[in-house]
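Taking it in order: structure first as structure tokens, then the write-up.
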Amino acid sequence: MKTPLTWEETVDFMLEGITELKKNIKEGNKQRINDSKGRIEYYAKKLDYEPTEMLDKILNKKRQN
């Protein structure tokens, strides 16, 4: 996992994680989905943000498609 040096880098890494999560959901790769979720949670903690609701929405939306 990359260590962000600034707030902006942390946001960028978290957004990369969200993009990766969506890709992994589309591919159905459960291990990588869990890895992506963990990465998002890690960066969200650094931003003092609770990502649970956002992650639930992403996961539920993709499962419906």
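A few points about this structure:
- Neighbours by Cβ (under 8 Å, 6+ apart or cross-chain): first from the range 26-54, touching a residue at least 24 places away in the same chain (Cβ under 8 Å); second among the aromatic types (Phe, Trp, Tyr) and surrounded by 12 or more Cβ atoms within 10 Å (Cβ to Cβ): ARG39/PHE13; TYR43/PHE13
- Any chance TYR49 is at pLDDT 90 or above, surrounded by 14 or more Cβ atoms within 10 Å (Cβ to Cβ) and of a type outside the set (Asp, Glu): no
The values are calculated or read from the model by the stated rules, or taken from the named source; none is laboratory data. Computed from a predicted model, the values in this text were never measured in an experiment. Note that each Cβ is placed from the backbone with ideal geometry, even for glycine, and that neighbours are counted across all protein chains shown.
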